Amino acid sequence: MLYRQNQKNGDSLSQLGFGCMRFPRKGMSIDLGRSAEMIRSAIDAGVNYFDTAYIYPGSEEALGQIMLSGGWRGKVNIATKMPLFLVRSEKDFDKFFDLQLKRLKTDYIDYYMVHMLTDFDCFEKLRSLGIEQWIKKEKDSGRIKNMGFSFHGGYGSFVKIIDAYDWEFCMIQYNYLDEYHQAGTAGLKYAHSKGVPVFVMEPLRGGKLAGGLPEAVKNEFLAVDKHRTPAGWALRWVLDHPEVNVVLSGMSDESQIAQNVKTACEAKAGAMAEEELEAVKKAVGIIKANIKTDCTGCGYCMPCPAGVDIPEAFSRLNEGVLLKRMHIIKNYMMSAGVLAQKPGFASQCVKCGKCEKHCPQQIKIMETLAEARKYLQPFWVKAAAKVMRRFSFSGAKTKNSEQKQ
């Protein structure tokens, strides 16, 4: 594993961080046994930064239990995030933080963040509630080692937030499709110029830069390196930037860990050749000419009050780059209508607009859902799904009743 030094505190951080939002699941719960083995594998390979958040279902509890049982807490850096949109008063700072410490089975957090700042007004709201005084209290007590924020807004707001407080790190979305989106390269360089370490999330755009790329993109990459995977290309591009301290990957299976660790053991800043950078530029052009929406599948728009599975609809909409429409429709009917606990079709949207307030990508979700409905839901889809659900879920109920007996 290659490491990069935190210029603020001297920490030696693995340049690959383990994002804990996508732990493998068994039924409705996180598969603790398999997740523990994955974490063991990552630590053995040299990964020493693990990132979770209050709003990742079951993630903090799982990470805490695994770290405690494995005896790894003192060997790694744990990062988690304050749920910004749930904070209503000064008391909520302690309320959520105390619960997070309990979930993580620790008495301190190495890297704590305000989760998903989108503009300067969000930070001003926290200031009015006394967050600066609260941070000082927690840092003085040793319960927070480093304070930062994760960001999903525009460059102008990012600069204002960086300048507004003596941050010890920040986290931005950054990948070869988002070079000029959100904070972007300009934000990365600005934070670095101010001495603020930068951690990167979404280097694979929610997995979309690892799987499902157009054949034309794969061919561009293969022409330069026949052995490097699409995920390897995406991670290498981010790690090529010397201003980046840590790149997170939300790894959900063992093969992803092996693949990403291999990349992180080889990729050095400034090492990509001109031929490689040119291949990435061509890939960006091809992808942007084909995708329908910039959704990364982060899930911040969920849950939808009307039950729409928004990330699923947008994911299927973007599959038009790769698959024939009828194949996509059948997949969508199964995932959003037949196999889902409750139907989550795009047609269920009531245009309340709540989702758009929380979207990091600032996608016009209601408008895009209307497009998804038109593309993914011919007249027969809901009726066919209803019939299939009858068989699917009646069978599941029978099986569950038999197991109880």
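Quick look at the numbers
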quantity	calculated
Condition broken by Met147, with the remaining ones in (1) surrounded by 19 or more Cβ atoms within 10 Å (Cβ to Cβ); (2) assigned to a loop (DSSP other than H, G, I, E, B) satisfied	(2)
Residue, nearest to Asp92 (Cα to Cα), within the range 113-156, restricted to residues that are small (Gly, Ala, Ser) and over 27 Å from the mean Cα position of the chain (by Cα)	Gly130
Of all residues making up the range 93-114, the number that are surrounded by 16 or more Cβ atoms within 10 Å (Cβ to Cβ) and among the charged types (D, E, K, R)	3
Total residues in the range 260-291, condition more than 16 Å from His227 (Cβ to Cβ) and polar (S, T, N, Q)	1
The range 103-125, residues that are over 24 Å from Asn6 (Cβ atoms) and either touching a residue at least 12 places away in the same chain (Cβ under 8 Å) or not in a helix (DSSP H, G or I) (or both)	Arg103, Lys105, Thr118, Asp119, Phe120, Cys122
One residue from Phe23, Phe97 being of a type in the set (Phe, Trp, Tyr) and over 25 Å from Ala234 (Cβ atoms)	Phe97
Output for the range 292-315, where each listed residue is without any contact (Cβ under 8 Å) to a residue 40 or more places away in the chain and of a type in the set (D, E, K, R)	Asp309, Glu312
Positions within the range 240-261 being surrounded by fewer than 16 Cβ atoms within 10 Å (Cβ to Cβ) and more than 17 Å from Glu179 (Cα to Cα), in sequence order	Asp253, Glu254, Ser255, Ala258
Condition check for Lys136: modelled with pLDDT of 95 or more and out of contact with any strand residue (DSSP E or B) (no Cβ under 9 Å at 6 or more places or on another chain)	yes
Number of positions in the range 26-60 that are part of a strand (DSSP E or B), over 20 Å from Met82 (Cβ atoms) and out of contact with any Lys or Arg (no Cβ under 9 Å at 6 or more places or on another chain)	2
Hits in the range 24-69 - residues which are of a type in the set (Asp, Glu) and touching a Ser or Thr at 6+ places or on another chain (Cβ under 6 Å)	Glu60
Any hit, the range 144-155, residues being among the hydrophobic types (A, V, I, L, M, F, W, C), farther than 22 Å from Val76 by Cβ and touching a residue at least 60 places away in the same chain (Cβ under 8 Å)	no
Whichever residue in the range 3-25 is out of contact with any Lys or Arg (no Cβ under 7 Å at 6 or more places or on another chain) and assigned to a loop (DSSP other than H, G, I, E, B) and, among such residues, is surrounded by the most Cβ atoms within 10 Å (Cβ to Cβ)	Phe23
Filtered residue count, the range 215-239, keeping only those that are more than 13 Å from Leu177 (Cβ to Cβ) and within 22 Å of the chain's Cα centre (by Cα)	6
Residue identified as crowded, with 17+ Cβ neighbours inside 10 Å and within 28 Å of Gly19 (Cβ to Cβ) among Ala271, Ala279	Ala279
Among the candidates Phe96, Phe151, residue that is within 30 Å of Phe221 (Cβ to Cβ) and either hydrophobic (A, V, I, L, M, F, W, C) or out of contact with any helix residue (DSSP H, G or I) (no Cβ under 9 Å at 6 or more places or on another chain) (or both)	Phe151
Extreme residue, nearest to Gln15 (Cα to Cα), among residues of the range 57-78 that are without any contact (Cβ under 8 Å) to a residue 40 or more places away in the chain and buried (at least 22 other Cβ atoms within 10 Å of the Cβ)	Ile78
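The values are calculated or read from the model by the stated rules, or taken from the named source; none is laboratory data. It should be emphasised that the depicted structure is a prediction, and the values quoted were computed from it without experimental measurement. Reconstructed Cβ throughout: ideal geometry from the backbone, glycine too, with neighbour counts over all protein chains shown.
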